[in-house]
Amino acid sequence: MADVFAKLVKDGGPIGQHMDRAHGYFAFPKLEGELGPRMNFRGKEMIVWSLNNYLGLVNHPEVRQVDTEAAAKYGMGNPMGARMMSGNSTKHEELERVISKFVNREDTMLLNFGYQGIMSCIDALVNRRDVIVYDAESHACIVDGVRLHMGHRYAFKHNDIDDCEKQLQRATEMANKNGGGILVITEGVFGMDGEQGILKEIVALKQKYEFRVLIDDAHGFGYMGPTGGGADEAQGCQDGIDLYFSTFVKSMGSIGAFISGPKNVLKYLRYNTRSQIFAKSLPLLIVEGMLKRMEMVISMPELREKLWYNVNRLQEGLKARGFDIGNTNSPVTPIYMKGDVPEATAMVMDLRENYHIFCSIVVYPVIPKGDIIYRIIPTAAHSDEDIDLTLKAFEETKKKLDAGEYKRSEIPDMAEAI
């Protein structure tokens, strides 16, 4: 018999295989100081492109003031208990009404966390007779929610409407056989490649097939569309999206999440979403802070305007310099390059140590060998100078990468240097 821990410590797993060398620098780095576009990393000021702070609210003075006052008023513990038992409040219900109106839905339910929240919602929405059809590149929280499903599920190729229809045909046959229904799940904005989900095209398939649609719009809520209502508003298909989910972690600069949709469905979810009925309620200091954030998002369109100005300036600058940023149509800006893992780590070190640019990087085994993806998140808080310095840094380091200056035989052991 094997020791259950033996496999855990053998090689660290697919992502953790380099953890001894990478910890504290490439993985689990410490960004210090005030949250914003400029922060400190290992004693040096960096231009930071790794925060999903789209609207710049995380450190806005008005938001900080309300957060501080709410913390003093309520503390972290209020209310105590789950919403169903002793953790409900007028403020929770007020925030749900504000969000419902903002995303143009009948009702909304607050969720303590995005990841666990959508997993639990998926679990509550379907039974073993139902069939799930989902985008193959959905976020891990959706994938884990689908794994909970006891029935059949079919993945369609990323943003491929023809394959989506093919899987719907399979799902329809299976659902008819089992006497169940079909739930289609995708994202409003995909957080890695920046592409919006093919929401409008999926909704159009309702003319031919019977199914419901759930979207995770964590990366679209608050700034996409004319009012910031989300990717479905941007694509003009809100009426066809049955359930709308998002978090407060991205545009709102807070924590928590919500799901919105028909009143009768939300009534069911309130009494059957296990991650909520068996967990403590969202703290009132977060709820009150979110009410302020929603007020600002609704009344200050200049936040969205500044975000899109920075997005367009950065992305056009990258394209003008010959960079491949894929098919992004959102602030999420991937930069696709070629190189091995040691080259990628050397380039990251150059960007951080010599150009003072901090952004996320994705390499094998998350993506195929030989590929490098830098993921840059412009926000409303970034300046023209931040963008200009970053464009210059990437232009110069790309030349070094192409010239082979980052070639090395192994990943440097940064853990020893920290």
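Just so it is clear, none of the values below were taken in a lab; they were calculated from the coordinates. Values in this document were obtained by computation on a predicted structure and should not be read as measured data. Neighbour counts run over all protein chains shown; Cβ positions are idealised from the backbone, glycine included.
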Q) Can you give me the relative contact order of segment 234-349 as a percent, contacts being Cα pairs under 8 Å and 6 or more apart? A) 13 percent
(Q) Please list, by residue number, every one of the GluC sites (Glu not before Pro) in segment 73-142 that is coil in DSSP and has at most 16 other beta-carbon atoms within 10 Å. (A) Glu106
Q.
I need to check one value: relative contact order of the chain, counting alpha carbon pairs closer than 8 Å and at least 6 residues apart, in percent.
A. 22 percent
Q: Using only Cα atoms, find the angle between the long axis of helix 263-272 and the longest principal axis of the chain, and express it within 0 to 90 degrees, rounded to the nearest 10.
A: 80 degrees
Q | Mean separation of Cα contacts under 8 Å (6+ apart) over length of segment 61-299, as relative contact order % | A | 29 percent
Q. What's log10 of I(q)/I(0) for segment 61-299 at q = 0.09, 0.10 Å⁻¹, Debye sum over Cα points only, no solvent?
A. -0.37, -0.45
**Q.** Proximal charge balance of Asp107 [Cβ under 12 Å; K/R count +1, D/E count -1]
**A.** +3
Q | Ranked list, fewest to most other Cβ atoms within 10 Å of each Cβ, for Thr90, Thr247, Thr328 | A | Thr90, Thr328, Thr247
Q) Which lysines have a Cα lying under 20 Å from the Cα of Lys292, excluding residues fewer than 8 positions away in the same chain? A) Lys73, Lys91, Lys101, Lys250, Lys306
Q. Computed over the Cα atoms of segment 179-237, what is the ratio Rg over Rh, Rh following Kirkwood?
A. 1.02
(Q) Need the list of lysines near Lys392 for cross-linking: C-alpha distance under 20 angstrom, and skip anything on the same chain fewer than eight residues off. (A) Lys44, Lys319, Lys338, Lys400
Q: Quick one: work out Rg over Rh on the C-alpha atoms of the chain, Rh as Kirkwood radius.
A: 0.97
Q: First check a/c for segment 153-281, with a ≥ b ≥ c the square roots of the eigenvalues of its C-alpha gyration tensor; if it is under 1.5, answer rounded, and if not, answer prolate when a/b is larger than b/c or oblate otherwise.
A: oblate
Q: Treating only the Cβ atoms of Lys and Arg (+1) and Asp and Glu (-1) as charged, compute the dipole magnitude of segment 61-299 about its Cα centre; round to the nearest 20 debye.
A: 860 debye
Q) Would you list Cys237, Cys141 from fewest to most Cβ contacts within 10 Å? A) Cys237, Cys141
(Q) What do you get for chymotrypsin sites (Phe, Trp or Tyr not before Pro) in segment 236-284 restricted to DSSP loop and a cutoff of at most 13 other Cβ within 10 Å of the site's Cβ? (A) Phe278
Q. Quick one: Cα centre-to-centre distance for segment 20-68 and segment 111-186, in angstrom?
A. 35 Å
(Q) Are there any trypsin sites (Lys or Arg not before Pro) in segment 180-238 that are in a DSSP loop and have at most 15 other Cβ atoms within 10 Å? List them by number. (A) Lys208
Q | segment 296-335 versus segment 232-278: alpha-carbon centroid distance in Å | A | 26 Å
Q: Grab the other residues whose beta carbon is less than 13 angstrom from that of Thr328, score K and R as +1, D and E as -1, and report the net.
A: -2
**Q.** Residues Asp232, Asp3, sorted so that the one with the fewest Cβ neighbours within 10 Å comes first
**A.** Asp3, Asp232
**Q.** Candidate lysines - alpha carbon under 23 Å from Lys177, same-chain residues fewer than 8 apart omitted
**A.** Lys166, Lys206, Lys208
